[in-house]
Amino acid sequence: MISRYILNPASLIILVYLPQLILMFSNKKFSQNFNNTIVNSKKDYNIEIIAAISLSTILILAYFSNASQNSFHLKLGTSLYLIGLIGTYIGYFNFLKSKPDKLVTNGIFSFSRNPTYLFASIAILGISTLTNSFILLLLTLIHFYSTNQIVKKEEKFLAKKFKNKFENYKKQTPRYF
């Protein structure tokens with residue numbers, strides 16, 4: 001009975017986002033950066049609502065889904081999920097090790113300007129593949145789009161805050177999202 005909940009696709013999604021929630025409430029640096037990039041306009045609000053609804057719906061549908069019995073879906077989904085989970089955690093820890101009020105450009109941030117978004121999305125794509133659910137895949141694509149819009153807004157914030165340093169970083173590091 002317990003293994004059904006541990007191996008449930010919804011539990012896998014929670015593992016991806018749990019560190020973010022913990023950091024938002026327990027780490028001042030993480031919380032300040034998050035609060036500096038929240039809603040500024042009605043468009044921003046709508047995009048963040050779409051992202052939240054799509055992720056919530058993915059979580060609910062994943063709870064009622066089971067892993068596919070197809071070995072290809074199991075292997076590919078599990079691989080994508082693990083790559084996404086590990087990359088997300090590395091991004092969180094890389095950010096936490098950086099100095100306050102400094103632009104993070106080292107570690108996994110030298111590979112992608114938005115590694116936690118990128119890898120969390122890969123993890124969710126892995127879960128969609130693992131469950132072989134077209135509806136979860138469609139919701140994942142909606143979540144990708146809305147998250148990409150949030151990334152664009154956050155990059156505007158970073159450009160204002162870090163000016164030339166961020167522009168140089170943008171030239172050197174792909175967004176990958």
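For the ranges 122-131, 9-18, what's the packing order if you count other beta-carbon atoms within 10 Å of each residue, average per peptide, and put the highest first? Don't jump to the answer; show the numbers that get you there.
Working: 122-131: 24.9, 9-18: 17.8.
So the order, starting with the most tightly packed, is 122-131, 9-18.
Can you list the aspartates and glutamates whose alpha carbon is less than 20 Å from that of Lys99, not counting same-chain residues fewer than 8 positions off?
Once the sequence-local aspartates and glutamates are set aside, what remains near Lys99 is Glu154, Glu155, Glu167.
Neighbour counts of other C-beta atoms within 10 Å: give me Lys152, Lys160 arranged from fewest to most. Intermediate values should be presented prior to the final figure.
Working: Lys152 12, Lys160 9.
Fewest-to-most ranking of Lys152, Lys160: Lys160, Lys152.
Calculate the radius of gyration of the Cα atoms of the chain to one decimal place, then report Dmax, the largest Cα-Cα distance, as a whole number, both in Å.
16.7, 55
What pairs from Lys102/Lys153; Lys42/Lys165; Lys42/Lys170; Lys102/Lys152 go past 23 Å between their alpha carbons?
Values: Lys102/Lys153 19 Å; Lys42/Lys165 29 Å; Lys42/Lys170 27 Å; Lys102/Lys152 19 Å.
Listed pairs above 23 Å: Lys42/Lys165; Lys42/Lys170.
For an R0 of 25 angstrom, estimate the FRET efficiency from the Cβ-Cβ distance between Thr57 and Ser79 and round to the nearest 0.05. All intermediate terms of the calculation are to be shown ahead of the outcome.
Numbers: r = 24 Å, r/R0 = 0.97.
Computed FRET efficiency for Thr57 and Ser79 comes out at 0.55.
Rounded to whole Hz and in sequence order, give me ³J(HN,Hα) for the stretch 58-66 from the Karplus expression 6.51 cos²θ - 1.76 cosθ + 1.60, θ = phi - 60°, writing x for Gly and Pro.
4, 4, 5, 5, 5, 4, 8, 9, 10
Compute the whole-percent fraction of alpha carbon pairs in the stretch 115-177 spaced more than 15 Å apart. Could the numbers behind the result be given before it?
On the way: 1128 of 1953 pairs.
Across the stretch 115-177, Cα pairs with separations above 15 Å total 58 percent.
Coordinate-derived values only; no laboratory data. Since this is a predicted model, take the numbers as computed values, not measurements. For neighbour counting, all protein chains shown are included, and Cβ atoms are generated from backbone atoms with ideal geometry for every residue, glycine included.
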